[in-house]
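Trainee: Just passing along the structure, written as structure tokens.
The values are calculated or read from the model by the stated rules, or taken from the named source; none is laboratory data. Since the structure is predicted, the reported quantities are computational estimates derived from the model, not experimental observations. As a convention, Cβ positions derive from the backbone with ideal geometry for all residues, glycine included, and neighbour counts pool all protein chains shown.
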Amino acid sequence: MSFIIKCLDCGHNAPYYPTSTTCPKCNSQWREAEYDYEILAKTLPEKIKNRPLDLWRYRELLPIRNPNVSLSLGEGGTPLIRAVNLGMMLGCPNIYIKDERQGPTSSFKDRQASVTIAALKEAGITEMVAASTGNVAISYSAYAARAGMKLWAFVTSLVPGVKMREIALYGSQVIKITGSYDQCKQVAAEFARQRHLYQDMGARTITSIEAMKTIAFEIAEQLTSIQGVQETNPDLPWRTPDWYVQAISGGMGPIGVYKGFREMKQMGWTDRIPAFAPIQAEGCAPMAHSWKKGLEKAEPVLSPMTRIETLATGDPGRAYEFLREYVNSTNGVFESVADEEAFRAMHVLAKMEGISAEPAAGVAFAGLFKLIRAGIIKPSDTVVVNCTGHTMPADPSILGENWSRDVKFPTREREGTPQEGLLSALTQVAPERFPKIAIVEDTTEARRLIRRILQSQGNFTILEASNGREGLEMIQRELPDLVILDLMMPEMDGFTVIEALRSKQETATIPVIVATAKELTPDEKNRLGDQIQSLMQKGDFLNDEFLEEVKSLIK
């Protein structure tokens, strides 16, 4: 397919050569590929119908003249998963996860590596340099190995050893730099210059941006398959979400995804571009902080203070200017979250949806939680979050204390029989040893939601009842450490349950958290009085206040 490379500064058009990294007219490094969109708008939808769902499904919109199928590792075509439990917890039912963990090396960087390596192989290039915080080097190493290319991988000393070893396993040369990621990039650039080697330049690399836009194509196709064509305009082939959320470091991913949505709109396949929400780690958030200050250029962060090393780009350069334009034009927002919020989001995502994600993806989900709480993302919005990669072996600092329980199997001398020894050992982890929490709620979905949230935060024995009378009997029988109680229930409402509990000595001191979906009248609040420990609105269960309240009341 024919394409040209257009300079984003002077508009000059030139043919594409991977080794040509600047505009021949003005020397700008910021250029992008353009295609014959008028022809492709008419011909491509029919062509792709019978193609596999992978990155090369959209090959006419990629800067590769003759795609080499022998280099593919199965990149692209990652699933779009509806986050049913998260959606229920957050009161936003249309949250979808683009599961990029399922790429060949378990990250969305596989798209970047596959297209770039294909272009370099096509151009006869056999050696390259890349600076990385881990995932990029792993992806490039895998594809370089498949293409018979040599990779010099420059990584910071903060990159986990397990990632460095994986890079080396593919045969790449690992160069460990004791310094920041920005310094690492400087050393890699000088090394490439001295040896006249091709260097990956992140967001300034044409193939990288083109590869990332395939995420947008897939999201639109998959969302249409799930939700159907848009009722307001059924003639449009594909549907787009209201929001696209992704954690960023240098910003390459969202820049590419935006280009994908823009091209679809240009070709008449969609009618809009979603609002963009790039999320950064608070300890290294030059883009989020600069945007909130209304700055046109990013203020660099000279000393990143985040444990999420993959997001520690302190100086995003012009990438911020492009992303700022995209965020503003789509009515989006930059946001930042603390490391602890990201680690907590990793826990919630794993325990609520069965998805174990890397800390960078935890940043994206923590940002999602924050934007929903702030009312920026509305309950009716359709949201896609990029789960950019799979977690590596979990660091103890993420899991915190008491993440495991030890069981010592008694020796034969201490116990009568093997079976008795086993039973004795298991009593150390029996559920009866955990605090009891009773959930009294008539809605099945609400009970499940509260149970999942509690289970995502600690070890509890959960008791459930579906109406007030059943709940009262259960509480009087089991004497739990805490009761979470709905007010509006059949047979016996929550007010009556509370009054019955307070009237008997054995249940009078059991703490009660009332969870209600309705605004209480002054009379109803007076009726509760000081008989309960906390009043929570449903939809606030992700708030730290709720979890802290639970922990404080069961001590």
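Trainee: Does region 455-505 hold any residues that are buried (at least 19 other Cβ atoms within 10 Å of the Cβ) and in contact with a Pro (Cβ under 6 Å, 6 or more places away or on another chain), and which are they?
Mentor: Those that are buried (at least 19 other Cβ atoms within 10 Å of the Cβ) and in contact with a Pro (Cβ under 6 Å, 6 or more places away or on another chain): PHE460, LEU482.
Trainee: Output yes when any residue across region 243-253 is touching a residue at least 40 places away in the same chain (Cβ under 8 Å), out of contact with any strand residue (DSSP E or B) (no Cβ under 9 Å at 6 or more places or on another chain), buried (at least 23 other Cβ atoms within 10 Å of the Cβ) and part of a helix (DSSP H, G or I), and no when none is.
Mentor: yes
Trainee: Right, next: Could we say that ALA113 is under 22 Å from LYS163 (Cβ atoms), surrounded by 21 or more Cβ atoms within 10 Å (Cβ to Cβ), of a type in the set (A, V, I, L, M, F, W, C) and in contact with a Phe, Trp or Tyr (Cβ under 7 Å, 6 or more places away or on another chain) here?
Mentor: yes
Trainee: Let me ask you something else. If LEU236 passes every condition in (1) closer than 27 Å to PHE3 by Cβ; (2) in contact with a strand residue (DSSP E or B) (Cβ under 8 Å, 6 or more places away or on another chain); (3) part of a loop (DSSP other than H, G, I, E, B) but one, which one does it miss?
Mentor: (2)
Residues are listed down the side, and each one gets a yes or a no for (1) surrounded by fewer than 23 Cβ atoms within 10 Å (Cβ to Cβ); (2) closer than 29 Å to PHE217 by Cα; (3) aromatic (Phe, Trp, Tyr):
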{"residue": "GLY283", "(1), (2), (3)": "yes, no, no"}
{"residue": "GLY294", "(1), (2), (3)": "yes, no, no"}
{"residue": "MET305", "(1), (2), (3)": "yes, no, no"}
{"residue": "LEU323", "(1), (2), (3)": "no, yes, no"}
{"residue": "SER329", "(1), (2), (3)": "yes, yes, no"}
{"residue": "GLY332", "(1), (2), (3)": "no, yes, no"}
{"residue": "HIS347", "(1), (2), (3)": "yes, no, no"}
{"residue": "ILE355", "(1), (2), (3)": "yes, yes, no"}
{"residue": "GLY362", "(1), (2), (3)": "no, yes, no"}
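Trainee: Could you identify the single residue in SER456, SER503 that is at pLDDT below 95, out of contact with any Ser or Thr (no Cβ under 7 Å at 6 or more places or on another chain) and under 25 Å from PRO93 (Cβ atoms)?
Mentor: On inspection, the qualifying residue turns out to be SER456.
Trainee: Turning to a different aspect of this structure: If we keep just the residues of region 150-184 that are of a type outside the set (A, V, I, L, M, F, W, C) and over 23 Å from MET305 (Cα atoms), which is surrounded by the most Cβ atoms within 10 Å (Cβ to Cβ)?
Mentor: Among residues in region 150-184 that are of a type outside the set (A, V, I, L, M, F, W, C) and over 23 Å from MET305 (Cα atoms), the one surrounded by the most Cβ atoms within 10 Å (Cβ to Cβ) is SER172.
Trainee: Would you mind stating whether VAL257 is hydrophobic (A, V, I, L, M, F, W, C), crowded, with 23+ Cβ neighbours inside 10 Å, touching a residue at least 12 places away in the same chain (Cβ under 8 Å) and assigned to a strand (DSSP E or B)?
Mentor: no
Trainee: Answer yes if at least one residue in region 141-149 is on the phi > 0 side of the Ramachandran plot and surrounded by fewer than 24 Cβ atoms within 10 Å (Cβ to Cβ), and no otherwise.
Mentor: For region 141-149, residues on the phi > 0 side of the Ramachandran plot and surrounded by fewer than 24 Cβ atoms within 10 Å (Cβ to Cβ): present.
Trainee: Taking ALA119, is it farther than 27 Å from LEU349 by Cβ, of a type in the set (Gly, Ala, Ser), touching a Ser or Thr at 6+ places or on another chain (Cβ under 9 Å) and part of a helix (DSSP H, G or I)?
Mentor: It is true that ALA119 is farther than 27 Å from LEU349 by Cβ, of a type in the set (Gly, Ala, Ser), touching a Ser or Thr at 6+ places or on another chain (Cβ under 9 Å) and part of a helix (DSSP H, G or I).
Trainee: Answer with yes or no whether PHE541 is at pLDDT below 90, part of a loop (DSSP other than H, G, I, E, B) and surrounded by 17 or more Cβ atoms within 10 Å (Cβ to Cβ).
Mentor: yes
Trainee: Any residue at all in region 205-226 that's without any contact (Cβ under 8 Å) to a residue 24 or more places away in the chain and not in a helix (DSSP H, G or I)?
Mentor: No, that holds for no residue.
Trainee: Quick check on GLU38: is it in contact with a strand residue (DSSP E or B) (Cβ under 9 Å, 6 or more places away or on another chain), at pLDDT 95 or above and outside any loop (DSSP other than H, G, I, E, B)?
Mentor: For GLU38, the condition - in contact with a strand residue (DSSP E or B) (Cβ under 9 Å, 6 or more places away or on another chain), at pLDDT 95 or above and outside any loop (DSSP other than H, G, I, E, B) - is not met.
Trainee: Now for a separate question. Please enumerate the residues belonging to region 36-64 that are touching a helix residue (DSSP H, G or I) at 6+ places or on another chain (Cβ under 7 Å) and either exposed (fewer than 13 other Cβ atoms within 10 Å of the Cβ) or more than 19 Å from SER114 (Cβ to Cβ) (or both).
Mentor: TYR37, LEU40, LEU44, ARG51
Trainee: Name every residue in region 339-379 that is in a loop (DSSP other than H, G, I, E, B) and either among the hydroxyl-bearing types (Ser, Thr, Tyr) or closer than 16 Å to ARG307 by Cβ (or both), in order of residue number.
Mentor: SER356, GLU358
To keep it simple, each residue is scored yes or no on (1) surrounded by 12 or more Cβ atoms within 10 Å (Cβ to Cβ); (2) assigned to a strand (DSSP E or B); (3) among the β-branched types (Val, Ile, Thr); (4) modelled with pLDDT of 95 or more.
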site: GLN428; (1), (2), (3), (4): no, no, no, no
site: ALA438; (1), (2), (3), (4): yes, yes, no, yes
site: ARG451; (1), (2), (3), (4): yes, no, no, no
site: ALA508; (1), (2), (3), (4): no, no, no, no
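Trainee: Hey, among GLU341, GLU335, GLU353, GLU282, which residue is closer than 29 Å to THR105 by Cβ and in contact (Cβ under 8 Å) with a residue 60 or more places away in the chain?
Mentor: Being closer than 29 Å to THR105 by Cβ and in contact (Cβ under 8 Å) with a residue 60 or more places away in the chain holds for just one of GLU341, GLU335, GLU353, GLU282, which is GLU353.
Trainee: Under 9 Å between Cβ atoms, at least 6 apart or on separate chains: pull out the pairs that start in region 77-93 with a residue that is assigned by TED's automatic domain parsing to the domain that holds LEU449 and end on any residue that is assigned to a helix (DSSP H, G or I) and hydroxyl-bearing (Ser, Thr, Tyr).
Mentor: Once the first residue is assigned by TED's automatic domain parsing to the domain that holds LEU449 and sits in region 77-93, no partner that is assigned to a helix (DSSP H, G or I) and hydroxyl-bearing (Ser, Thr, Tyr) comes close enough.
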